[in-house]
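Asker: First, the structure itself, so that you have it in front of you.
Every number here is computed from the coordinates shown, using simple stated rules; none is lab data. Source: prediction; values computed, not measured. Cβ placement follows ideal geometry from the backbone for every residue including glycine, while neighbour counts extend to all protein chains displayed.
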Amino acid sequence: MHHLWKDAPPVIIDESDSEVESLPQALDLGYAGTSHKNCKGVFKGIANACLLAKRRRENPSRNLLLSGEDLCNIAPWALLQDLAVQATLGIESVERNGHHYFAGLSVFPEAIREPVLAAHTDCFVRSERGWPRLDVRDGRLKLGSVNRAPFGLTPEITVTSHFQQNDQS
């Protein structure tokens, strides 16, 4: 593909990478890369990032990329874990819009919302209605607290105790 079209934009396989062999095959066919999602497998994402780094060293003029996507995962668990992995893989551009569909952490009890907001003041802010939401500014998130936390998660949250506590009140 990249051999036939001068100045072609990079085209990735994205949803077509069901197998570990998918990216190497796609690169050989001329595709420029793939996307990472935690649901596709964290170790697969690491392997793909390593393969792309190797191929870049072998052919520095070729525009290869690993993009990121996870459209509907929400905080506090899935979103923070995904952001931690995306940052570890060096992915700066992640298609993410679940925060537009869901009202931040409004579905969780106060005992979960407040510790997350306190631990991640760089990437969460209190909404006008009082619940924490992502603090997206110019399409960017600050991830210092996520990158410092074990696999993105601080504080440690025990779901059953918070929900049982909430049910008893």
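Asker: Which longest uninterrupted range of the chain lacks any trypsin sites (Lys or Arg not before Pro) assigned by DSSP to a loop state (not H, G, I, E or B) and surrounded by at most 10 other Cβ atoms within 10 Å?
Answerer: Working: sites that count: Lys6, Arg129.
No qualifying site falls inside 7-128, the longest such stretch.
Asker: To check my understanding: the extent here is largest minus smallest coordinate of the Cα atoms along each principal axis. What are those three numbers for segment 32-169, in Å, largest first?
Answerer: 62, 30, 24
Asker: Loop-only check: which GluC sites (Glu not before Pro) in segment 65-166 are DSSP coil with at most 10 other Cβ within 10 angstrom?
Answerer: Working: sites: Glu69, Glu92, Glu95, Glu110, Glu128, Glu156; in loops: Glu92, Glu128, Glu156.
Filter output for segment 65-166: Glu92, Glu128, Glu156.
Asker: Among all the aspartates and glutamates, which ones have a C-alpha under 13 Å from Lys142's C-alpha, if same-chain residues fewer than 8 places away are not counted?
Answerer: Output for Lys142: Glu92, Asp122.
Asker: Between Leu65 and residues 5 or more places away or on another chain, which pairs have amide H atoms under 5 Å apart, with H built 1.01 Å from N, and which residues are they?
Answerer: Gly33, Thr34
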